[in-house]
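This report concerns only the one structure given below.
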Amino acid sequence: MATKTHEKYTLTFWEKLYIPEILKGMKLTFEQMLKKKETRLYPEEKWIPPASYRGAPVLVLEENGVERCVACGLCSRVCPALAIEVQAAETADEKERYPELFEINMLRCIFCGFCEEVCPEEAIVMSPTYELVFTEYDQAVFGKDKLLTPAEDLRPRLEFLRAHR
Amino acid sequence: MELIDIIIALIKILVMFAVVLVTVAELVYTERKISAWIQNRIGPNRVGWKGLLQPYADVIKLLLKEDIVPTAANRFIHTLAPIISIGVAFSTLAVVPIAGETIMMFGREVQMVIADVNIGILYVLALTSMGVYGLTLSGWSSNNKYSLLGGLRSSAQMISYELSMGLSVIGVIMVTGTLQLTDIVAHQSGWMWNMILQPVGFVTFVVAAFAETNRTPFDLPEAEPELVGGYHTEYSSFKFALFFLAEYANMITASAVIATLYLGGWQVPYLELLELPSAIVVVLQILAFVVKVAFLLFVFQWVRWTVPRFRYDQLMDLGWKVMLPIALANVVVTGIVILLLS
């Protein structure tokens, strides 16, 4: 077994005096005081997450005003926290099915991104939204009105998914 | 002593009290700001302009909390301890001269010091030793092992460092030949500051002052990682606020005493050459004193965020094996030099 031996470090006379060394340390902290501050003033200065960020899941809304979702229910099925509820209905559109009801309980959601991964239509994606604050339980259940987001707003995430999946 | 003298004394006490209280509040703010700057942060900036009202918000929060006394605690001493701490912290400032010139008030010459005691330094030393009682009693009366350890440490620490503090002061007394603080300041005219005449005594006194005020690197009585909260673990609400206040008031006292003894107090070099009217001189002298004290307070906080805490045995080693011999040697050398020069 290899053992490490340490030479005992002996202080020089000036180091033993302590005061010069303490002054050196104080010089260092003083220099730190004048440096640029790292703090972000949060509510005024918002953080813009990168495309890889998994925020609140949302539904993609195409330019013609129809959601991509075909209500297959895979996301609801895969969701480990049972946060998604989908009720399908028929439509005259080409896609034949659409979600009559689509609810995500944001208090249950654990932002794992499984729903996004499993979705065959790229219809549910993780948005960069991280400010999810509720004062009542009912507010936390997002219906279609809150979930539908224009595809244009989600472009960085959609491009990220195409490049890395 | 006429009524008018009492009124003048009361006015001086009130002014001093108000100034110290406001300074204590803003010291909490500067402490947080300086710590933030040293750690590349911004610090409190929400309450009031640039966060200046933050300490008042903290005080309101503290006062609105429940005042808890542990069931096993000694109620009387538990209440008495913070009163001792705060009383001692504030009363020390009574002998510190703010300015040399006198001002006219109600037809009397008023000195810019609350009480010009002829044994001013002894008064300061005596009262700072009284401060130990506040901490020790609070630690003992709480009936909590962490509080007790904190109190014990503080008494051991303060007694050890009081010695070197007193011995460093002896150097100053030998140079100036008086115990009266006003005379000591008057002796340091021009650049004849005691800091320059007594460099070793200055260093030992400052280090001892750090230990006396329980500031880092000597804040062992309240070392959070080891002792939970130290002597004030079992305190809350107003009593905790009093301890908090006392700690910062002690810092102001220590800075004022250092400035008086070693940095020339209210002395402004070459001011007498300008031959200004006495009203302006008083203002300038007060300003000089305030600047010196403010700088020392900044140093107190600057050191806090630079130097880590000592271990207990290191603290005792430093106090008894280093500080005490140096302070003693300083007294001897000062005596020899005075003898040779006279």
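Values in this text are rule-based calculations from the coordinates and carry no lab data. Since the structure is predicted, the reported quantities are computational estimates derived from the model, not experimental observations. Methodologically, a virtual Cβ is constructed for each residue, glycine included, from the backbone with ideal geometry; neighbour enumeration extends over all protein chains shown.
Would you be so kind as to identify which of A:Val58, B:Gly87, B:Trp193 lies farthest towards the positive end of the dipole of the protein assembly as shown, taking Lys and Arg as +1 and Asp and Glu as -1 on Cβ and the Cα centre as origin?
Going by the charge dipole, the pick is B:Trp193.
Cysteines without a disulfide-compatible partner in the protein assembly as shown, using Cβ under 4.7 Å as the rule?
If one checks each Cβ against the other cysteines of the protein assembly as shown, A:Cys69, A:Cys72, A:Cys79, A:Cys109, A:Cys112, A:Cys119 turn up with nothing under 4.7 Å.
With a cut-off of at most 13 other beta carbons within 10 Å, and DSSP calling the residue loop, which chymotrypsin sites (Phe, Trp or Tyr not before Pro) in the range A:85-165 qualify? Please list them.
Qualifying residues, ordered by number: A:Tyr130, A:Phe134.
Can you compute 3J(HN,Hα) from phi for each residue in the range B:127-132, using the Karplus curve 6.51 cos²θ - 1.76 cosθ + 1.60 with θ = phi - 60°, rounded to whole Hz and x for Gly and Pro?
5, 5, 5, 4, x, 4
Go ahead and run the numbers for FRET between A:Tyr18 and B:Leu52, Cβ-Cβ distance against an R0 of 45 Å, rounding to 0.05.
Efficiency, rounded to the nearest 0.05: 0.80.
In whole Å, what is the distance between the alpha-carbon centres of the range B:309-342 and the range B:182-221?
Taking the Cα centre of the range B:182-221 as reference, the centre of the range B:309-342 is 13 Å away.
In the range B:134-209, which chymotrypsin sites (Phe, Trp or Tyr not before Pro) are in a loop and have at most 14 other Cβ atoms within 10 Å, using DSSP for the loop call?
Qualifying residues, ordered by number: B:Trp191.
If I fit a long axis through the Cα atoms of helix B:199-212 and take the longest principal axis of the Cα atoms of chain B, what angle between them do I get, 0 to 90°, rounded to 10?
The angle comes out near 30 degrees.
Set the Förster distance to 45 Å, then compute FRET efficiency between B:Phe76 and B:Val110 from the Cβ-Cβ distance, nearest 0.05.
FRET efficiency, B:Phe76 to B:Val110: 0.65.
Counting residues in the range A:57-164 as N, plug N into 2.2 N^0.38 Å and put the Cα Rg over that result.
1.02
If you average 1/r over all unlike Cα pairs in chain B and invert the result, what Kirkwood radius do you get in angstrom?
21.2 Å
With a Cα-only, solvent-free Debye model of the protein assembly as shown, what are the log10 I(q)/I(0) values at q = 0.10 Å⁻¹?
With no solvent term, the Cα-only Debye profile gives -0.88.
Determine the distance separating the Cα centre of the range A:1-80 from the Cα centre of the range B:90-139; give it in Å without decimals.
50 Å
Any chance you could give the angle, 0 to 90 degrees and rounded to 10, that helix B:3-38 forms with the longest Cα principal axis of chain B?
Result, in degrees: 60.
Using θ = phi - 60° and the Karplus curve 6.51 cos²θ - 1.76 cosθ + 1.60, what whole-Hz ³J(HN,Hα) does each residue of the range B:226-234 get, with Gly and Pro shown as x?
9, 10, 6, x, x, 5, 9, 4, 8
What residues have an amide H closer than 5 Å to that of B:Gly264, excluding those fewer than 5 places away on the same chain, when H is modeled at 1.01 Å from N in the peptide plane?
Residues meeting the amide H criterion: B:Asn194, B:Met195.
A:Arg97's amide H: which non-local residues (gap 5+, or another chain) put their own amide H closer than 5 Å, with H modeled 1.01 Å from N in plane and none for Pro or chain starts?
HN-HN under 5 Å from A:Arg97: A:Thr91.
With θ taken as phi - 60° and the coefficients 6.51, -1.76 and 1.60, list the Karplus ³J(HN,Hα) couplings across the range B:177-183 in order, rounded to whole Hz; mark glycine and proline as x.
x, 8, 9, 7, 5, 4, 5
Could you list the GluC sites (Glu not before Pro) in the range B:18-89 that lie in coil according to DSSP, counting only those with at most 14 other Cβ atoms within 10 Å of their Cβ?
B:Glu66
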